[in-house]
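The values are calculated or read from the model by the stated rules, or taken from the named source; none is laboratory data. All of these numbers come straight from a predicted model, not from anything done at the bench. Neighbour counts run over all protein chains shown; Cβ positions are idealised from the backbone, glycine included.
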Amino acid sequence: MIKINLKDIAKRLPHAYDWKYALLCKLPAFHFIGNFCIAGGAVRSLLEGKKDIDGDIDIYAFSELDKKDLVTALISSGFKEVAHTEWSRTFNGHGTDIQIMEQIYVDENDVIQSFDFTVTQGAYTPDKDEFTFGFWTFSDVNTKTLTINKLKHSDKVLGRLVKYCNYGYEPTHDTLTQIYEFIRLSPSTKVSPYYRRGRKYLY
């Protein structure tokens, strides 16, 4: 894993401070400092050169107590819970969707190691003011290349593949082969529609 603090990443990506400010504006819970990280698409948007946050914000807690405190902080900030699944709880407020993952992780390394594509392997840990990235995350985001880190859910991977292709990422031949074999060899594969923001995704 690659660790880099905000000051150092700003030397390479000067808009990093604007990105953090946008995150602070969207996430009042950021004023609560605890053991959690922001990971996935929100951090990928920084590497893509964006000053604002794309889409929703995914939060990964490192203890049940921290998860509970984050939920309390969101609700007290005016957010309302709009969805609850076995995977996450989704809150909406001030035009922003925030998801708190149900699973508890050891740390930010544990979080990004669980992700399927290398371009999603980015995490920001607020109490350390530090970023954690996979070894191939920078280069794959820069070249818009979709490669596999780990495949876990055969009923979700196709939807996520389409999602990132729509973002302009191109899967390698090896990526497509791995996904095909993963689905083919998964005896319980089934694709369920997941509705999000009024659109139907295979997710």
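Exactly one residue out of Leu74, Leu46, Leu70 is closer than 22 Å to Leu6 by Cα and surrounded by 14 or more Cβ atoms within 10 Å (Cβ to Cβ): that is Leu46. All of Leu151, Leu146 fail the test of being within 25 Å of Glu108 (Cβ to Cβ), modelled with pLDDT of 95 or more and within 17 Å of the chain's Cα centre (by Cα), apart from Leu146.
Do we find that Ile4 is surrounded by fewer than 20 Cβ atoms within 10 Å (Cβ to Cβ) and assigned to a loop (DSSP other than H, G, I, E, B) in this structure? No: the conditions fail for Ile4. Taking the criterion of being surrounded by fewer than 19 Cβ atoms within 10 Å (Cβ to Cβ) and either part of a strand (DSSP E or B) or in contact (Cβ under 8 Å) with a residue 24 or more places away in the chain (or both), the residues of region 104-120 that qualify are Ile104, Val106, Asp107, Asn109, Gln113, Ser114. If only residues of region 9-31 that are surrounded by fewer than 19 Cβ atoms within 10 Å (Cβ to Cβ), closer than 27 Å to Asn92 by Cβ and among the aliphatic types (A, V, I, L, M) are counted, the one that is modelled with the lowest pLDDT is Leu24. Inspect all residues belonging to region 181-200 and state whether any of them is over 19 Å from the mean Cα position of the chain (by Cα), at pLDDT 85 or above, surrounded by 12 or more Cβ atoms within 10 Å (Cβ to Cβ) and not acidic (Asp, Glu). Yes, some residue in region 181-200 is over 19 Å from the mean Cα position of the chain (by Cα), at pLDDT 85 or above, surrounded by 12 or more Cβ atoms within 10 Å (Cβ to Cβ) and not acidic (Asp, Glu). Just one residue in the set Gly41, Gly49, Gly34, Gly55 is at positive phi and either modelled with pLDDT under 90 or within 16 Å of the chain's Cα centre (by Cα) (or both); that residue is Gly55.
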